[in-house]
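A quick write-up on the structure given underneath.
No lab work stands behind these numbers, since they all come straight from the coordinates. Everything quoted here is computed from the prediction, not taken from an experiment.
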Amino acid sequence: MTPLLDALVDRILTMMPGPAGADRRLMRVIADQIVPMQETAVTVPMPTSPALVAVARRLLDSDEVPVASLARDAGMGIRTLERRFKAEIALSLRQFRLQVKLLRAAELLTAGHRVQDVAFRLGYENAGSFVQVFRKHMGQTPARYARRR
C-alpha cells in the first residue's frame, strides 16, 4: 500500500459518523487509489546475499532450472535454499518463479505478442490456464493488460 492509501484506510477506520457526503467522498478517493495499484507493472523482489542473487539471476535467465540444480550450485540443500529465499525476500522459490513468469508475460504482452503465444512460450499447456493465473495475480486478463500498456 502507498502511504496515502494507508493513511486513508486508517482515517476511514477511525472516523466517527459524520456528514454522509464526507464518508462517500473518502471512499471514492480510496477507490481511486486502489485502481492504479491494480494496473501497475510486475516487479520481482531481489535477494541481497551473493548466493541467492546468483540463484535469482539464473531464474531470471530461465525459470525452468530445476531446484536441485539451483541448490547444488548455491552450495546448499534444497530445503535450505527454499528457507533462505523465503527469509530474505518474503517469497518462496515457487512464488519467485511465478513472479518471474508474470514479469516475462507482462514484457511480452506489452511488446505486442498474442496471449496464446505468450502462454506457450512460458510453458503453459493452454492459453486458458495462463489467462486464469494471470488474472488471479494481475487483477485483469492478459489481453486487457496488453491494451492498457
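At 0.36 nm per residue, and after removing the present C-alpha to C-alpha distance, how many nm does the segment from Val53 to Leu4 gain when stretched out fully?
Length gained between Val53 and Leu4: 14.4 nm.
Please compute the length gained on full extension between Leu98 and Ala68, using 0.36 nm multiplied by the number of residues separating them and subtracting their Cα-Cα distance.
Numbers: separation 30, 0.36 × 30 = 10.80 nm, distance 1.76 nm.
Difference between extended and current length: 9.0 nm.
Just subtract the alpha-carbon distance of Leu13 and His137 from 0.36 nm times their residue separation and send over the number in nm, one decimal.
Extending this stretch completely gives an extra 42.0 nm.
Using θ = phi - 60° and the Karplus curve 6.51 cos²θ - 1.76 cosθ + 1.60, what whole-Hz ³J(HN,Hα) does each residue of the stretch 77-89 get, with Gly and Pro shown as x?
The phi angles translate into x, 4, 5, 5, 4, 4, 5, 5, 4, 4, 5, 7, 10 Hz.
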